[in-house]
Amino acid sequence: MKGSFFLKMAVKNIRANKQLYLPYMISSVLTVAMFSQMVALLTNEFVQERNPTLSTLFSLGAIVIGLFSFIFTMYTNSFLIKRRKKEIGLYGILGLEKKHVGRILFLETIIVGFGSILIGLLIGLLFGRLFFLLLNYLLQLPEVMSYTTSWEGMGMTVILFTVIFFVAYLYNISQVTFSNPIKLLKGEKEGEKEPKSNWFLLILGIGSLGYG
């Protein structure tokens, strides 16, 4: 099969499932924009020279938003792939091999991931100056904190969300590889599993909340 066939299938799938992909992309774009803004603060020369505490504060903020972005993107991706299991199962019944389905999913991930990262960065740049004006107003510092475009921050954002979307792709592939087409056809009707308690995460969450 030609590569153009898989690309057309990927684009067609995204359009056909726009009611699922649109909220997924919007949430991804917003998380990219939030993280890019926090990194812009972290790499800002004024922040680095003004007070070491500010750098530490924004570093913690970037870590928290990065973790939130990973968890939230994986959760929304899990919801999306679950709703598409029936469709993916039909591919297997119609004769497509798992490697072909994996290739389609890979192209879908590239299109959605690249689009989300690009739009998120553009929104971050667009509202960056407004965000800095708001911070200057709230902090009332004697010296105005100017907004500067940080290529380092943009690079960190691209790397982080590339990794996140790649992990999401690996998760989707695992759903296809370890399931037969019949099971995938019934996957959409499966209920959510009851979450298991984890004392370590509970203590870590309480400790983080108390430290914050």
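The values are calculated or read from the model by the stated rules, or taken from the named source; none is laboratory data. What you see is a predicted model; the values in this text were computed from it and never measured. Positions of Cβ are generated from backbone atoms using ideal geometry, with glycine treated the same way; all protein chains shown enter the neighbour counts. Remember, those area values only see protein heavy atoms, side chains included, never the ligands or the DNA or RNA. Shrake-Rupley method; radii C 1.70, N 1.55, O 1.52, S 1.80 Å.
Residues of the range 81-95 that are modelled with pLDDT under 80 and farther than 17 Å from Leu7 by Cβ: Arg84, Lys85, Lys86, Glu87, Ile88, Gly89, Leu90, Gly92, Ile93, Leu94, Gly95. Lys98 passes every criterion in (1) open to solvent by less than 10 Å² (accessible area, probe 1.4 Å); (2) at pLDDT below 90 apart from (1).
Applying the criterion of being at pLDDT 80 or above and β-branched (Val, Ile, Thr) to the residues of the range 1-55, the residue that is most open to solvent (accessible area, probe 1.4 Å) is Ile26. If the condition is being surrounded by fewer than 14 Cβ atoms within 10 Å (Cβ to Cβ) and under 16 Å from Lys12 (Cα atoms), then the range 75-95 contributes only Leu90.
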